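Visitor: I have a structure I would like to understand better, so I am pasting it below and will then ask my questions one at a time.
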Amino acid sequence: MTITKQVTSNKLIVKFKNIPKGVYGIRCYQDLNGNMKLDKGLFGPKEPRAMSWSKGRVFPPRFVAISFLLEKNISLKLELKKEVYHEFNTRVYN
């Protein structure tokens with residue numbers, strides 16, 4: 001299932017109702033340039049994203065790593081994150 005929402009503030013609430021019991025995973029991202037895809041760079045995604053991690057953080061994320069068992073009503077809070085990758089300078093010493 002894909003849900004697209006227009007963000008109008010620094011907070012967005014998405015509610016899923018009447019979801020049957022089962023195994024689910026959540027991935028979301030903020031499409032900063034409106035091209036309807038998560039842009040990726042050399043070291044990972046370039047746009048803010050969040051996932052419902054349940055087991056170790058592996059990249060690229062596999063369903064087993066972000067899945068959780070839904071047995072009752074729950075509330076999840078996901079914060080969009082964007083890691084900052086630093087460029088490393090190479091120096092030659094004499």
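Visitor: Pull out all pairs, ordered by first then second residue, where Cβ-Cβ is under 8 Å, the residues are six or more apart or on different chains, the first lies in segment 15-38 and is more than 16 Å from SER52 (Cβ to Cβ), and the second is in a loop (DSSP other than H, G, I, E, B) and hydrophobic (A, V, I, L, M, F, W, C).
Guide: That search, which allows pairs on different chains as well, returns GLN30/VAL7; GLN30/LEU80; ASP31/LEU38.
Visitor: A further question follows. For segment 47-60, what are the residues that are surrounded by fewer than 16 Cβ atoms within 10 Å (Cβ to Cβ), more than 21 Å from LYS15 (Cβ to Cβ) and either modelled with pLDDT of 85 or more or not aliphatic (A, V, I, L, M) (or both)?
Guide: Listed by number, the residues that qualify are LYS55, GLY56, ARG57, PHE59, PRO60.
Visitor: May I ask you to list the residues in segment 15-26 that are closer than 19 Å to LEU80 by Cα and exposed (fewer than 10 other Cβ atoms within 10 Å of the Cβ)?
Guide: LYS15
The values are calculated or read from the model by the stated rules, or taken from the named source; none is laboratory data. This structure is a prediction, so every number in the text was calculated from the model and none was measured. When we count neighbours, we look across all protein chains shown, and the Cβ atoms used for this are built from the backbone with ideal geometry, even at glycine.
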